[in-house]
Amino acid sequence: MTLTFQKRAQGPQVAYLFPGQGAQAVGMGKELYDASPAAREVFQEVDDALGRPLTKVLFEGPEDDLRQTINAQPGIMAVSLACVKAMEESLDPKEMPQPVMMAGHSLGEYTALAVAGVLDVSETARLVHMRGSLMQEACDKNPGTMAAVIGLDQMALEEVARETGVWVSNVNTAEQIVISGEPMGIARAMDLASARGAKKVIQLRVGGAFHSGLMEPAKAGLIEAIDSLKFNDPQVPIIGNCTGKPLTTADGVKQELVSQICSCVQWNDSVGYIIDSGVDSFLEIGPGRALNGMVKRISRQATTANIGDIQSILELHKN
């Protein structure tokens, strides 16, 4: 299946945002599956592409299974794509929000590939599965963890990272930054960040040190997987995680995906670019609402909405 809805969308101009790992919850997508034939087709295609019943894990759990990277990543992607197709099915073209730009947080950048026509749904699902498998192997080889630091600016936290041997891995907003590294290094960095004035330091419940040098073992396999696929130019610009700038060519997308595995997600820059371009309406598509919260912290003037179930699509129809 190739998503071609953007050619028909004629509604208000918005930026589409797609969530990353951590947004998963048992039961996500079940209502969409039951209520929307178009959404059900997406879930079936993802199951077929992976050769296993991923939807069963999404809908029934257990939570420990869903939290595993090889299930959480394609699962979140599937729910986001199912939301897009359910929107297309339910809304008149004049109501369908028109994406003029899109961005995805980490894994969400892969979801954007399918929505922007870079890859079809099956290809995206298999690539996400391979990415998850490679990341899990890297985690097994180089055990690590992550922590969120609130209230310390990027320059100060980069100094903490240098002193403790960890990495700044996600700049979500000017004051919400995530670090990654080996467990002992993260423990030292958390203590040092607190001592230097951080308002809050929270160790995250994750299985590895994502977007850091500890993911280096995943890079070669990811390059091989990417090179095995034919990428199209995005039909809508994707604002890259690593650069905070538009990706408009197939080659640019490939370079971004390879860099992203070990590099910092510059979400603050990505959202800032979209706002500076004159787009201040954001539609978060998929499970959770974390990205909308980040957008609001970046710009209080921004307008945000979330599409995660049939009810939220009906709200768009009412408006």
Crossing angle, helix 154-164 versus the chain [Cα axis fit, 0-90 degrees, rounded to tens]: 50
Fully extended contour minus Cα-Cα distance, from D48 to K30, at 0.36 nm per residue: 4.7 nm
Top positive-direction residue, dipole computed over the chain with Cβ charges, set I238, A86, S281: S281
Total charge dipole magnitude, the chain, about the Cα centre, Cβ charges on Lys, Arg, Asp, Glu only, Debye to nearest 20: 500
Base-10 log of normalised Debye intensity for the range 248-319 (one unit scatterer per alpha-carbon) at q = 0.11 Å⁻¹: -0.37
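Please report, in whole Å³, the volume per residue of the convex hull around the C-alpha atoms of the range 62-194.
Values: hull volume 19.9 nm³, N = 133.
Each residue corresponds to 150 Å³ of Cα convex hull volume.
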Gaussian network model of the chain, springs between alpha carbon atoms under 10 Å - residue of S263, S180, S277 with greatest fluctuation: S277
Extended-chain gain in nm, criterion 0.36 nm per residue less alpha-carbon gap, S133 and D276: 47.8 nm
Paired Rg and Dmax values of the range 164-279, which use every Cα atom, in angstrom: 16.3, 49
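Quote the relative contact order of the chain in percent (integer), defining contacts as alpha-carbon pairs under 8 Å separated by 6+ residues.
Working: 686 pairs, mean separation 73.6, N = 319.
Answer for the chain is 23 percent.
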Per residue convex hull volume, Cα atoms of the range 132-172, in Å³: 82
Contact order normalised by residue count of the range 1-151, Cα under 8 Å, 6+ apart, percent: 39
Calculated P(r) tail over 27 Å for the chain, as whole % of Cα pairs: 40
Within the chain, helix-based [θ] at 222 nm, where runs of 4 or more DSSP H residues each add -39,500 (n - 2.57), nearest 500: -14500 deg cm²/dmol
Among beta bridges that DSSP assigns inside the chain, antiparallel share in %, nearest 5: 50
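With respect to the cross-link table entries K141/K254; K85/K230; K200/K296; K30/K200; K94/K296, which display a Cα-Cα separation exceeding 29 Å? Could you put the intermediate results ahead of the total?
Working: K141/K254 25 Å; K85/K230 23 Å; K200/K296 19 Å; K30/K200 35 Å; K94/K296 27 Å.
Too far apart for the 29 Å limit: K30/K200.
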The range 145-203: equivalent-ellipsoid semi-axes (sqrt of 5 x gyration tensor eigenvalues, Cα, Å): 14, 11, 10
Chain lengthening between L204 and Q13 when straightened (0.36 nm per residue, less Cα-Cα): 65.3 nm
Label-point gap, in nm, between E315 and S122 - each point 7 angstrom along Cα→Cβ: 3.6
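Read-outs throughout are calculated quantities, based only on the coordinates presented, and are distinct from any laboratory measurement. This one's a predicted model, so the numbers in the text were calculated from it and none came from an experiment. Heads up, the Cβs are rebuilt from the backbone with ideal geometry, glycines too, and the neighbour counts pull from every protein chain shown.
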